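First up is the structure itself, then whatever we jot down about it.
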There are 4 protein chains.
Amino acid sequence: MNLREKKAARKKEDILRSASKIISRRGYNGATMENIAAELLMTKGALYYYFANKEDLLYQCHYLILSEVSKQVGEIYKENISSTEKMKRAITFHIEVVINEKETFNMIIKPELIFSDEHISLILQQRDEYASIFDKIIQQGIENGEFAVKEKKMARMIILGAVNWIQQWYSSEGDKNIEDIADVYAKYLLKILT
Amino acid sequence: MNLREKKAARKKEDILRSASKIISRRGYNGATMENIAAELLMTKGALYYYFANKEDLLYQCHYLILSEVSKQVGEIYKENISSTEKMKRAITFHIEVVINEKETFNMIIKPELIFSDEHISLILQQRDEYASIFDKIIQQGIENGEFAVKEKKMARMIILGAVNWIQQWYSSEGDKNIEDIADVYAKYLLKILT
Amino acid sequence: MNLREKKAARKKEDILRSASKIISRRGYNGATMENIAAELLMTKGALYYYFANKEDLLYQCHYLILSEVSKQVGEIYKENISSTEKMKRAITFHIEVVINEKETFNMIIKPELIFSDEHISLILQQRDEYASIFDKIIQQGIENGEFAVKEKKMARMIILGAVNWIQQWYSSEGDKNIEDIADVYAKYLLKILT
Amino acid sequence: MNLREKKAARKKEDILRSASKIISRRGYNGATMENIAAELLMTKGALYYYFANKEDLLYQCHYLILSEVSKQVGEIYKENISSTEKMKRAITFHIEVVINEKETFNMIIKPELIFSDEHISLILQQRDEYASIFDKIIQQGIENGEFAVKEKKMARMIILGAVNWIQQWYSSEGDKNIEDIADVYAKYLLKILT
DNA sequence: GATGAATGAGTCTTCATTCAT
DNA sequence: AATGAATGAAGACTCATTCAT
């Protein structure tokens with residue numbers, strides 16, 4: 001990648017981050033290409049230089065964020081700590097992302113309404129990859145005796161579901177900070193696994 | 001209410017049920033008044049005879065379904081059974097609704113994007129009322145020694161969050177039937193309370 | 001006309017008076033058949049029993065009011081008083097109507113925008129008849145030496161124009177009562193004729 | 001203002017002039033954005049590129065024309081001629097505008113039916129400014145002994161009312177040219193002031 | 001690379017009108 | 001005579017997308 005390409009890549013990422021914000025604030029339909037461009041002090045037309053169309057822009061938003069998140073949870077998995085501790089950290093990390101990158105997580109909720117078939121399958125696959133890291137943590141915990149669940153997948157879905165739901169109520173519940181929430185959630189959700 | 005009014009009320013309900021289906025299938029923005037009318041073999045104009053505008057139609061969808069659900073969970077609360085059993089039944093019932101009335105539950109996810117301020121507060125209030133029934137079951141269970149949680153509200157949010165999330169994956173996971181899912185979820189989520 | 005017909009005729013007149021009010025308040029396009037019906041505690045459908053369509057209703061409004069006005073100015077003309085006095089009274093009466101029946105006079109301003117060709121010619125004819133009474137007063141005044149104008153028609157148009165324009169500003173100029181306005185207008189406008 | 005901006009400004013003015021024509025021909029409600037666009041060989045969408053909405057377009061029509069007219073009558077006021085001559089010229093000019101720019105003058109008749117409150121007050125203010133120039137001419141004439149009226153404002157309203165009314169009948173009265181009409185009107189209306 | 005301008009399909013909404021009862 | 005219900009055509013407005021410059 002030469003300098004020019006690097007510059008373009010950075011610009012693209014800037015756009016994706018801004019787009020995420022606006023989409024989360026106004027929803028997919030509420031966020032117009034105009035809005036997104038304005039936030040970046042660009043014109044609509046310029047967006048089309050970098051992205052083929054709105055869906056493409058959206059898809060790349062999704063991809064960027066979920067990639068980063070997957071990478072980080074993958075690293076938690078590789079650490080040399082107990083499975084309980086891994087799960088606790090993964091839950092905590094996930095909650096932080098759900099709340100702070102709320103933006104993009106909204107897009108994840110109903111991809112069928114937004115994306116076309118080709119994108120959908122890519123998205124679901126990427127999502128599975130992310131979830132599978134949690135599965136691996138659980139599997140490892142079972143093997144070393146820390147956890148004891150039969151329906152592993154379902155337990156994982158309960159955990160992620162509970163945790164994804166936080167964004168539904170978080171903003172309005174001003175008295176708790178993220179750390180406290182994460183502690184309580186981890187405490188209760190770990191009960192499920194034991 | 002005379003015959004004519006009864007007929008009109010039934011018609012309104014018919015419309016609301018059909019509207020729910022389409023909205024869940026296509027999302028709020030994807031569902032046009034045209035679509036909804038077509039599904040009912042009506043014309044757009046007729047829809048506007050019964051509802052002031054799209055938001056009004058949507059709000060009444062939401063209200064109808066959540067009312068019914070609240071009533072039923074309220075009845076579970078009043079039954080003469082253990083708190084554990086109550087919570088198990090409430091979870092099971094809720095899961096059934098989430099899956100079968102998936103339609104309307106989608107509307108609940110991001111009401112700010114759809115409804116205007118007056119409706120929003122009504123919606124949130126109605127939602128709180130529903131959630132409070134779960135709170136009462138938990139409270140009762142604590143008082144009679146069946147449950148032992150400190151952060152009651154958060155426990156309830158974990159439960160409802162986990163359970164609401166089911167709709168995200170249910171359709172694609174064809175091998176489990178609702179009953180089985182509900183059993184497993186109830187089993188694991190009750191662990192949180194004890 | 002038997003009793004039934006009489007009753008219907010009275011009802012029709014009631015409708016016309018109410019319609020006038022609403023039309024003047026909201027304009028021709030702003031006044032919906034619904035509005036008009038509501039003011040009369042009727043339903044839209046009932047209006048169509050009495051009038052073929054909106055234009056018909058409007059036309060009959062116009063006809064009713066202008067007939068009454070013509071009749072009254074015609075009577076002033078026949079009185080046994082000086083032409084100056086006649087014109088003064090005619091102007092005063094006209095101003096009163098313009099302000100008090102403002103309602104219907106608005107409809108007169110731009111009939112082409114409202115009525116179809118058949119109605120238009122009837123309306124213009126009726127209007128001409130009204131104006132011709134003023135012409136006759138002027139003619140008489142010239143013949144008996146009270147007035148001295150060459151361009152009689154144009155003088156009449158100046159008078160009626162000045163006077164019709166009152167409705168444009170009347171409501172906002174709260175400090176003058178109709179009588180005072182009429183006096184001043186008559187004083188100045190009579191100067192034109194002498 | 002650079003070249004591009006100048007071009008855009010000219011385009012906007014073009015649009016306003018065309019819009020005026022159509023509005024006067026078909027009335028505010030009769031003139032659709034589609035019509036206006038078609039007249040300009042544009043699409044509806046393009047219109048919305050230049051104006052926020054229909055009311056905005058209308059308001060700017062009004063503003064443009066009334067500004068120009070005010071400026072010109074203001075210049076008549078400043079000329080070094082007798083008050084009688086000034087009033088004669090002002091009346092003549094006003095009549096020319098009423099007839100030739102008939103288009104826009106119609107919009108002035110019932111602004112309440114068209115404009116929202118913010119615009120209304122701006123419009124009334126601009127109108128007052130225009131009328132006040134006539135007031136100043138009258139005042140000056142009184143001071144230098146040419147005119148002798150007590151109710152100055154009302155005299156001004158008679159003059160402008162008479163003159164505005166011309167558009168009601170002008171088109172149908174084909175045998176007089178504007179100049180002749182203006183002469184007669186000026187002659188008679190000046191009688192009011194002396 | 002970027003912009004201003006334009007397009008056109010689509011969406012909500014309104015309303016005069018009709019008609020069975 | 002009157003009503004509730006329904007229709008359908010029309011209109012304002014939005015927005016993703018395109019393209020010449």
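Its Cα centre serving as origin, chain C has a Cβ charge dipole (Lys and Arg +1, Asp and Glu -1) of approximately 260 debye. Size descriptors for the protein assembly as shown: radius of gyration and Dmax over Cα atoms are 38.0, 125 Å. Under the simplified labelling scheme, the residue A:150-residue A:177 pair shows an inter-label distance of 4.3 nm, with each label point 7 Å from Cα along Cα→Cβ.
Take residue A:34, move 7 Å from Cα toward the beta carbon, and the resulting point lies 2.1, 2.2, 2.8 nm from the same point in each other copy, nearest first.
A loss of 50 Å² or more of accessible area (1.4 Å probe, protein heavy atoms, ligands and nucleic acids excluded) relative to the isolated chain is seen in these residues of the range A:126-166: A:151, A:154, A:157, A:158, A:165. Between copies, the label points of residue D:178, set 7 Å from Cα on the Cα→Cβ line, lie 3.7, 7.1, 7.7 nm apart, reported in increasing order to one decimal in nanometres.
The residues A:32, A:194, B:92, sorted by heavy-atom accessible surface at 1.4 Å with ligands and nucleic acids left out, run A:194, A:32, B:92 from largest to smallest. Mind listing the label-point distances from residue B:121 to the same position on all other copies, shortest first, one decimal in nm, points 7 Å along Cα→Cβ? Sorted ascending, the copy-to-copy spacings read 2.8, 5.0, 6.2 nm.
Largest to smallest in accessible area, the residues C:10, D:17, B:4 fall in the order B:4, C:10, D:17 (1.4 Å probe, all protein chains included).
Residue-level result for chain D: its Cβ closest to the axis carrying D onto B, with that distance in Å, is D:53, 9. Averaging Cα coordinates gives a centre for the range B:1-22 and one for the range A:24-63; these two points are 40 Å apart.
Here the protein assembly as shown has 49 percent of its accessible surface on carbon and sulfur atoms, given a 1.4 Å probe and all protein chains in place. Longer than 25 Å from Cα to Cα, which of D:6/D:54; C:153/D:150; B:88/B:136 are they? Say none if no pair is. Check vs 25 Å cut-off fails for C:153/D:150. Per residue, the range A:1-51 exposes 67 Å² of accessible surface when a 1.4 Å probe is rolled over the protein heavy atoms with every protein chain present. Straight-line reach from residue B:12: which aspartates and glutamates fall under 13 Å, measuring Cα to Cα and dropping same-chain residues less than 8 apart? Qualifying aspartates and glutamates at Cα under 13 Å: B:56. Size descriptors for chain A: radius of gyration and Dmax over Cα atoms are 18.5, 58 Å. Normalised by the number of residues in the range C:1-51, the mean separation of alpha-carbon contacts (under 8 Å, six or more apart) gives a relative contact order of 27 percent. In percent, rounded to a whole number, the relative contact order of chain C is 25, using alpha-carbon pairs under 8 Å and six or more apart. About the centre of its Cα atoms, the range A:1-80 shows a dipole size close to 240 debye [charges on the beta carbon of Lys, Arg (+1) and Asp, Glu (-1) only; nearest 20 debye].
Summed over both chains, the contact between C and D buries some 3200 Å² of accessible surface at a probe radius of 1.4 Å. So if we plug the beta-carbon distance of residue A:121 and residue B:3 into 1/(1 + (r/R0)^6) with R0 = 60 Å, what FRET efficiency do we get, rounded to 0.05? It comes out at approximately 0.70.
The values are calculated or read from the model by the stated rules, or taken from the named source; none is laboratory data. Computed from a predicted model, the values in this text were never measured in an experiment. Note that each Cβ is placed from the backbone with ideal geometry, even for glycine, and that neighbours are counted across all protein chains shown. All accessible areas refer to the heavy atoms of the entire protein, side chains included, with ligands and DNA or RNA removed. Shrake-Rupley method; radii C 1.70, N 1.55, O 1.52, S 1.80 Å.
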